[in-house]
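See structure below.
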Amino acid sequence: MPVNRQYDRISLSGLATSLLLICTAVLFSGPASAQGSCGPISAPQAILEFNHKDPQLDRHRSVRWLNARAGGSPSYLVAGLTEYEMRASFDMRFEPRQVGFGRYCLDPVRVNPKVDVVKHLVYIASELNRGSCEYNVVYAHEGEHVKINQGMEADIRAALDDLIADVVRKVDAMFPLAADNVPGAMKRLLSEYGRDFKRRIRDIDRNRREHHRQIDTPAEYEKLSLACGPNSAFQTVLQAAAR
């Protein structure tokens, strides 16, 4: 039976060699490689810098100017108008974390987007006297538009929370990088998430515009035009001024 004993010795020797190779690989690769990814990753610090701009009232524009500004429509007169504009920028910082011999994971440590409201104007036709029924009706309607605009900050904060969750999931699933690949990976992630944040801002802005359209309907305009009676300035003074 020497052949069988020789076979047993060869098998045990091969098994010992395999175990040695596996143990050596684990020692050199570090914990992150052993588990196949860089996780678990902690959520970064999130700081949204949102610079408000209080709405400014402009009563020096004629109803004719307002209609031209709004694009004009033969079916209704524009007696009030609200304009809103913002600009956004994005910053994000990663720190490399060594997890083995020449291998690194990227920890997101801070996300710092910035939003500046650069315009928030409310126009009310100069033909309307302050304190009149018509003025109050238009002022209240434009106030609804202002509320929609002022809800932007809460929407952006919610979008930022969602983006951070995406960052954590993606970075958590990344494999450790060689040192030479770290700068390029950080630049790529910053660019990718900067574009993602601005895409979310555009989506929020489209939703904001849709909310404005929902209160700027022909039916709503008809209701407002009759709010002060059948012979109010909506039917007399404004109609004459728009010609």
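Only loop residues by DSSP count here, and only those with at most 13 other Cβ atoms within 10 Å; note down the trypsin sites (Lys or Arg not before Pro) in segment 107-149 that meet that.
In loop regions of segment 107-149 (DSSP not H, G, I, E or B), the sparsely surrounded trypsin sites (Lys or Arg not before Pro) are Arg130.
Run through all the Cα pairs of segment 132-235 and give the fraction in each 10 Å bin from 0, expressed as whole percent.
Each 10 Å bin holds this share of Cα pairs: 12, 28, 20, 15, 12, 8, 4, 1.
Cβ under 15 Å from Ser232's Cβ, Ser232 left aside: what net charge do those residues give with Lys, Arg +1 and Asp, Glu -1?
-2
Hey, how many Å between the Cα centroid of segment 184-243 and the Cα centroid of segment 106-148?
10
Take the Cα atoms of segment 175-228, find their three principal axes, and give me the spread along each one in whole Å, biggest first.
Taking max minus min along each principal axis of the Cα atoms, segment 175-228 gives 72, 15, 12 Å.
Mind giving me the nanometre distance, one decimal, between the label points for Glu49 and Arg157, set 7 Å out from Cα along Cα→Cβ?
1.8
Can you tell me how much longer the chain between Phe101 and Arg206 gets when fully stretched, taken as 0.36 nm per residue apart minus their C-alpha distance, in nm with one decimal? Don't jump to the answer; show the numbers that get you there.
On the way: separation 105, 0.36 × 105 = 37.80 nm, distance 4.84 nm.
Between Phe101 and Arg206, full extension yields 33.0 nm more.
With the crude spin-label approximation of a point 7 Å out along Cα→Cβ, what separation in nm comes out for Arg87 versus Asp172?
The answer from the label model is 3.7 nm.
For segment 83-154, which semi-axes, largest first and in whole Å, follow from the square roots of 5 times the eigenvalues of its Cα gyration tensor? Write down the numbers at each step before the final one.
Details: eigenvalues 521, 20, 6 Å².
Taking √(5λ) for each eigenvalue gives 51, 10, 5 Å, largest first.
Using a Förster distance of 30 Å, how high is the FRET efficiency between Lys198 and Glu144, based on the Cβ-Cβ distance and rounded to 0.05?
Details: r = 27 Å, r/R0 = 0.91.
Given R0 = 30 Å and the Cβ-Cβ separation, E is 0.65.
How much net charge surrounds Tyr135 when only the other residues with a Cβ under 15 Å from the Cβ of Tyr135 are counted, with Lys and Arg +1 and Asp and Glu -1?
On the way: positive: Arg59, Arg61, Arg130; negative: Asp58, Glu127, Glu134, Glu142.
Around Tyr135, the surrounding residues sum to -1.
I'd like the Karplus ³J(HN,Hα) series for segment 125-130: coefficients 6.51, -1.76, 1.60, θ = phi - 60°, whole numbers in Hz, and an x wherever there's a Gly or Pro.
Whole-Hz 3J(HN,Hα) from phi for segment 125-130: 3, 5, 6, 8, 7, 4.
Show the residues, 5+ positions off or on another chain, whose built amide H is closer than 5 Å to the amide H of Asp58.
For Asp58, whose amide H was placed from the backbone, the distant partners under 5 Å are Val122, Tyr123, Ile124.
List, in order, the whole-Hz ³J(HN,Hα) value for each residue of segment 230-243 obtained from phi through the Karplus relation with A = 6.51, B = -1.76, C = 1.60 and θ = phi - 60°; use x for Gly and Pro.
Along segment 230-243, the couplings run x, 10, 7, 4, 4, 9, 10, 4, 5, 4, 5, 5, 7, 6 Hz.
Each reported figure results from applying straightforward, stated rules to the coordinates on display, with no laboratory input. None of the values given here were measured: they were computed from a predicted structure. All Cβ positions, even for glycine, are placed from backbone atoms using ideal geometry, and neighbour counts span all protein chains on display.
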